[in-house]
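Asks: Have a look at this one before I ask anything.
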Amino acid sequence: MRKKFAVVAAVMSLSTAAACGSDGGTSSVNDHVIEIGAVLSLTGPFAAQGEAHLGSIKLGIDQVTKAGGITVNGQKYTFAVTTKDSASDPAKATAGVLGMIRDEGVKYLIGPADTPSVVAAESVVTKQDVLWLAGSTYISGRLEAKAGDPAFAKIFGTNPSAATVFPAAVNGALQYQPGTKTAAIVWPSGAASDPYVELIEKAFAAKGVDVVDKLRFDIASTDFSGILTKLKSYKPDIVFTGTTSGAVQAFASQAVQLGSPFGSMIVLGATAGTGLTGNNGKPLPFPYMYIMNRGLDPYTGNPDVTQLFQQYEQVNGKPPALDAQLYATEFTSSINALARAMEKAGTVDDPDAVAKALKTVSVNAGNGDVSFAQNGVLQAPIAVCELRDGDGTCKLVTPGQ
């Protein structure tokens with residue numbers, strides 16, 4: 001017997017909407033099924049991230065199922081996922097989220113994960129009776145600012161906040177590059193990104209590093225010749241950039257063509273792929289560093305993390321793209337925690353009770369236990385990884401180090 005409960009994951013992109021469906025995990029025919037609907041960026045510029053997001057959901061479902069599923073009041077439940085490709089235009093994100101809540105009766109919402117869509121969705125979700133797991137550092141910052149506000153009591157951020165991530169990233173980068181004196185910030189334009197640029201600049205300043213320029217670009221840009229020419233005029237020791245893998249790849253490869261107009265680079269939004277192949281299929285000729293928000297990366301050397309990525313490949317039929325490993329575990333631990341919270345709350349359809357329980361459970365994410373604080377922000381390690389001449393290492397870092 002299959003009893004369905006709507007649980008929707010909304011992760012939007014800039015791609016053209018197209019529908020598709022799939023299931024994750026296996027279940028007994030006697031189990032009730034809690035449906036997870038995933039609206040993901042499966043095409044377009046965020047396709048690699050969207051595919052990895054879906055993979056992380058499937059991995060989480062598989063882990064819950066293999067651990068025995070969810071038992072509430074003597075009844076067994078399992079998760080399943082149905083996917084739909086959608087655009088991450090903020091207006092479409094808002095309409096999609098609202099439609100899922102009102103038309104489908106959704107009580108549990110995962111995503112979106114890109115900041116503009118999360119900003120737009122926030123105004124809708126805070127007025128609805130849903131439990132929301134959002135995948136942007138933006139929402140974690142909002143949760144820190146709105147602690148105690150009832151409208152945010154059922155909202156959870158699956159990443160550490162930007163105020164945590166960016167100082168940790170700068171600290172980690174400077175551990176790899178201790179002689180750094182100058183930096184440049186190359187970041188997408190738009191009001192939603194302005195606070196990130198400010199946080200990065202403050203983090204460098206706190207370490208005595210002079211930010212010589214802050215250069216902005218359109219998120220869909222593939223031509224960085226103008227920015228790189230400016231960088232070449234003062235050749236900073238380090239460049240901090242992001243936030244899509246496509247933009248990072250284009251920026252790095254064009255930097256090589258112009259003779260590497262900086263000493264090293266650190267990125268958010270891409271992982272190992274660019275560092276290994278950004279030089280015309282070969283490793284980049286300069287140190288390349290990237291951020292792993294949950295500290296999960298194969299280069300950590302942790303066998304449990306290695307096994308986690310092997311499980312991802314087994315469940316999804318292929319490994320995540322090298323520049324999308326950051327997203328390959330985005331929702332995995334959250335789905336495990338959601339299952340445990342439902343058991344502790346004794347319900348699968350009361351988001352208030354499940355939200356309260358979710359703030360009291362912890363799960364092993366592969367490199368130790370992770371949990372949600374009382375303000376709803378994920379408590380997890382942050383790693384900064386470096387690729388140099390094709391060899392990688394990772395360090396767990398925290399702000400203030």
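Asks: Checking T306 against (1) assigned to a helix (DSSP H, G or I); (2) crowded, with 22+ Cβ neighbours inside 10 Å; (3) among the β-branched types (V, I, T); (4) in the same structural domain as I61 (by TED's automatic domain parsing): exactly one of these is not met. Which one?
Replies: (2)
Asks: If you don't mind, another one. Out of all the residues in the range 116-142, which are in a helix (DSSP H, G or I), buried (at least 24 other Cβ atoms within 10 Å of the Cβ) and touching a residue at least 60 places away in the same chain (Cβ under 8 Å)?
Replies: Passing the criteria: S117, A121, T137, S140.
Asks: Among the numbered conditions (1) in a loop (DSSP other than H, G, I, E, B); (2) modelled with pLDDT of 80 or more, tell me where A113 comes up short.
Replies: For A113, the exception is condition (2).
Asks: Quick one: which residue in A206, A184 is touching a residue at least 40 places away in the same chain (Cβ under 8 Å) and hydrophobic (A, V, I, L, M, F, W, C)? Walk me through how you get there before you give the answer.
Replies: Working: A206 fails: touching a residue at least 40 places away in the same chain (Cβ under 8 Å).
Criteria check complete, one pass: A184.
Asks: Residues being within 24 Å of the chain's Cα centre (by Cα) and at pLDDT 95 or above: count how many of those fall in the range 217-236. Write out each step before concluding.
Replies: Applying the first criterion (within 24 Å of the chain's Cα centre (by Cα)) to the range 217-236 yields 217-222.
Subsequent filtering for residues that are at pLDDT 95 or above retains none.
Number satisfying all stated conditions: 0.
Asks: Do you know which residues across the range 243-276 are farther than 14 Å from I227 by Cβ, surrounded by 21 or more Cβ atoms within 10 Å (Cβ to Cβ) and among the β-branched types (V, I, T)?
Replies: T244, I266, V267, T271, T274
Asks: So, one more: If the requirement is being farther than 20 Å from I185 by Cα and either in contact with a strand residue (DSSP E or B) (Cβ under 9 Å, 6 or more places away or on another chain) or surrounded by 18 or more Cβ atoms within 10 Å (Cβ to Cβ) (or both), which of these qualifies: Y299, Y288? Let's see the steps before the verdict.
Replies: Numbers: Y288 fails: farther than 20 Å from I185 by Cα.
That would be Y299, the only listed residue that is farther than 20 Å from I185 by Cα and either in contact with a strand residue (DSSP E or B) (Cβ under 9 Å, 6 or more places away or on another chain) or surrounded by 18 or more Cβ atoms within 10 Å (Cβ to Cβ) (or both).
Asks: Here is a follow-up. Only one of G390, G346, G376 is surrounded by 22 or more Cβ atoms within 10 Å (Cβ to Cβ) and either under 29 Å from F204 (Cβ atoms) or not hydroxyl-bearing (S, T, Y) (or both); which? Explain how you work it out, then say what you get.
Replies: Numbers: G390 fails: surrounded by 22 or more Cβ atoms within 10 Å (Cβ to Cβ); G346 fails: surrounded by 22 or more Cβ atoms within 10 Å (Cβ to Cβ).
Answer to the check: G376.
Asks: Please enumerate the residues belonging to the range 329-368 that are small (G, A, S), modelled with pLDDT of 90 or more and not in a helix (DSSP H, G or I).
Replies: As a first pass, look at the range 329-368 and keep what is small (G, A, S): 333-334, 337, 339, 341, 345-346, 353, 355, 357, 362, 365-366, 368.
Now restrict to residues that are modelled with pLDDT of 90 or more: 333-334, 337, 339, 341, 345-346, 353, 355, 357, 362.
Of everything in the range 329-368, those that are small (G, A, S), modelled with pLDDT of 90 or more and not in a helix (DSSP H, G or I) turn out to be G346, S362.
Asks: Same structure again: If I filter the range 221-242 down to residues being in contact with a helix residue (DSSP H, G or I) (Cβ under 8 Å, 6 or more places away or on another chain) and touching a residue at least 60 places away in the same chain (Cβ under 8 Å), which single residue comes out as surrounded by the most Cβ atoms within 10 Å (Cβ to Cβ)?
Replies: F240
Asks: Which residue pairs have Cβ atoms under 6 Å apart, sit 6 or more places apart or on different chains, and have a first residue in the range 247-275 that is not assigned by TED's automatic domain parsing to the domain that holds A328 and a second that is assigned to a helix (DSSP H, G or I) and among the small types (G, A, S)?
Replies: I266/A173; A270/S245; T274/A252
Asks: To continue, here is another question. If a residue has to be touching a Ser or Thr at 6+ places or on another chain (Cβ under 6 Å) and not in a helix (DSSP H, G or I) to count, how many in the range 315-328 make the cut? Before you say what the answer is, go through the steps one by one.
Replies: As a first pass, look at the range 315-328 and keep what is touching a Ser or Thr at 6+ places or on another chain (Cβ under 6 Å): 323, 325-326, 328.
Subset that is not in a helix (DSSP H, G or I): 328.
The total comes to 1.
Asks: Same structure again: For the range 71-100, which positions are farther than 25 Å from A341 by Cβ and part of a strand (DSSP E or B)?
Replies: Across the range 71-100, the qualifying residues are K84, D85, A87.
Asks: Is there a residue being aliphatic (A, V, I, L, M), part of a helix (DSSP H, G or I) and within 16 Å of the chain's Cα centre (by Cα) anywhere in the range 258-281?
Replies: yes
The values are calculated or read from the model by the stated rules, or taken from the named source; none is laboratory data. Since the model is a prediction, treat every value here as computed from it, not as a measurement. All Cβ positions, glycine included, derive from the backbone under ideal geometry; neighbour counts span all protein chains shown.
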